[in-house]
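Following: one structure in structure tokens, then a few remarks.
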Amino acid sequence: MKKNSVCLYLITVPLLLLHLGTISAQQKTNPDSIRKKMQWFADAKLGIFIHWGIYSVNGIDESWSFHNKKISYENYMKQLKGFTASKYNPQAWADLIKESGAGYAVITTKHHDGVALWPTKQHHYNVMDNTPAKRDVLKPFYKALDKDGIRRGAYFSLIDWSYPDYPGFLKDSSRYKVSDDPRRWEKFQHFFQAQIAEVNQLYRPDLWWFDGDWEHSPEEWQAKKVREEILNVNPLAIINGRLQGYGDYETPEQNFPVSRPKFNWWELCMTTNNNWGYHPDDTNYKTPFEVISIFVDVVSNGGNLLLDIGPKEDGTIPPEQVHILRELGKWNKKNGEAIFGKVPGLPQGHFYGPTTLSKDSTILYLFLPGQTTGNIMVKGLVSTIKDIQVLGTTVHLKPKIVGKISWSAVPGLVFINVPQKYKDPYITVLKLNLDKPVQLYGGHGGLN
Ligand code: H79
């Protein structure tokens, strides 16, 4: 008996460490100092990213299309004249986001093309002064988010390829080098920091999503100062990891981690088709099933999903994207208990699929990969299962324990038969109530 308890102790410790994660190699922020403010983010699991800008007029790549010389800069900027926001319904946007189950939304206040969605006072392109939309399109959106209880995120590109004092411009030509003209760079520093201050004062975002930090060093961006000034206005603001080490969490883009990332907080940002902004010729949409599979995989590995939509210039959202958000919302409504406010699940090897745990780890949620039904198997579960429920239904199932040897500490295999008729159209979730916080056996079998 004594031997058994030592054995279990050794197993539960690594699990705990996995949950706490380790300090990210990249970010300079001390995780303990931000843990409290990060809690809503960790619990939210799902955010909606919105790429809206003049690139939706022609339906071409946001900013990169002129940078990569697929279109001339002059022709790119002609799109200013076509950005109308004529059918823009910010409350409908917020309601759709709410319906998806997301807890936060991040909108492009300004992309690398430099066109601000708010009326900036810094004498630079913006949709109020330079487009037929002729108004601040951010303000009513943030107001609608507030009404729906959704946290406000501001994407802000540090890069501004339109600003005359920004060095970078096209992929093979830049205006100047910072080292050759530090005064000119100082002008840009004043400018972009003044814009950040404007957004901060006007909308006080809960979350800042910087992009493009790779073009300059932390010193050139004055990243430490930028962080401090944001926190001076809102000490609880969360800052993404694209501020040359001065952010709070990691942001893998489009690429899916296979092994569980060791970051304390991370967020996969991902498009619904292959593009961030509105692209009518891109019909390569992920199916709701694929999006939900990715979402569940991310959450089971301790991350958030920031799922992108790209509205048209008139403010309508492509129907394929609306469909994905609605289906995701339906699934979340039925199965969200296994997602929101939960923590990453079992280490790999215990179950062939994603899992999550309640914070006290007395409830284990199993996500049935694909549309698996029939017998599923859990290995190395020492805890006793008190109840199994097919989530979102009143159906309860009984486990069968196979191969438990009376004199051995190694637990038997748990088989659960899930009848076809109970399957979810996308991913079925089983809720396992355990007798106490989860205990696992992670050994090689053998005699003990
Ligand atoms: O807004 C969306 C994209 O426009 C923007 N981020 C999302 C959210 C984005 N696009 N590409 N990237 C971010 C990363 C680009 C990296 C590269 Fe490079 C720039 C690849 C080549 C040039 C940095 C510099 C990495 C390699 C060299």
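Every read-out reported here was derived from the displayed coordinates using simple, explicitly stated rules and does not represent laboratory data. Nothing here was measured: the structure is a model prediction, and the numbers come from that model. Cβ coordinates were reconstructed from backbone atoms using ideal geometry, including for glycine residues, and neighbour counts include every protein chain displayed.
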Cα gyration tensor of segment 24-338, axes a ≥ b ≥ c as square roots of the eigenvalues: rounded (a/c below 1.5), prolate (a/b > b/c) or oblate? oblate
Can you put LEU170, LEU413, LEU434 in order of Cβ neighbours within 10 angstrom, beginning with the fewest? LEU170, LEU413, LEU434
In the chain, if the dipole is taken from +1 on Lys/Arg beta carbons and -1 on Asp/Glu beta carbons about the Cα centre, which of MET128, VAL299, TYR155 is farthest to the positive end? VAL299
Dipole magnitude of segment 363-448 about its Cα centre (Cβ charges: Lys, Arg +1; Asp, Glu -1), debye to nearest 20: 120 debye
Considering only DSSP states other than H, G, I, E and B, which chymotrypsin sites (Phe, Trp or Tyr not before Pro) in segment 359-409 qualify as loop sites with at most 16 other Cβ atoms within 10 Å? TRP407
Assigned charges on the beta-carbon of Lys, Arg, Asp, Glu; the chain dipole about Cα centre (debye): 1620 debye
Can you run phi through the Karplus equation (6.51, -1.76, 1.60; θ = phi - 60°) for segment 132-144 and list ³J(HN,Hα) in whole Hz, with x for Gly and Pro? x, 4, 6, 7, 6, 8, 7, 3, x, 6, 5, 5, 5
Relative contact order for segment 147-242: what is it in percent, counting Cα pairs under 8 Å that are at least 6 residues apart? 33 percent
Here the gain from full extension of ASP148 to ASP180, 0.36 nm per residue of separation minus their alpha-carbon distance, amounts to 6.6 nm
Got the relative contact order for the chain handy, in percent, Cα pairs under 8 Å and 6 or more residues apart? 17 percent
Name the residues whose placed amide hydrogens come within less than 5 Å of the amide hydrogen of TYR155, ignoring near sequence neighbours (fewer than 5 apart) on the same chain. ILE107, THR108, THR109, TRP209
Report, in listed order, any pair from LYS134/LYS187; LYS36/LYS359; LYS45/LYS333 with a Cα-Cα distance greater than 20 Å. LYS134/LYS187
Calculate the length of the line joining the C-alpha centroid of segment 258-309 to that of segment 213-233, in whole Å. 27 Å
Going by average Cβ density within 10 Å per residue, which order do the peptides 113-120, 357-364 take, highest to lowest? 113-120, 357-364
From the phi of every residue in segment 66-75, what ³J(HN,Hα) in whole Hz does the Karplus formula 6.51 cos²θ - 1.76 cosθ + 1.60 yield, where θ is phi - 60° and glycine or proline is x? 7, 4, 8, 6, 7, 8, 6, 4, 4, 5
Over the chain, the sum of -39500 (n - 2.57) across DSSP H runs of at least four, divided by residue number and rounded to 500 deg cm²/dmol, gives at 222 nm -8500 deg cm²/dmol
Working out 0.36 nm times the residue gap between LYS225 and GLN420, then minus their Cα-Cα distance, what length gain in nm do you get to one decimal? 64.5 nm
The farthest towards the positive end of the charge dipole of the chain, of the residues TYR426, ASN58, THR394, given +1 on Cβ of Lys and Arg and -1 on Cβ of Asp and Glu, is THR394
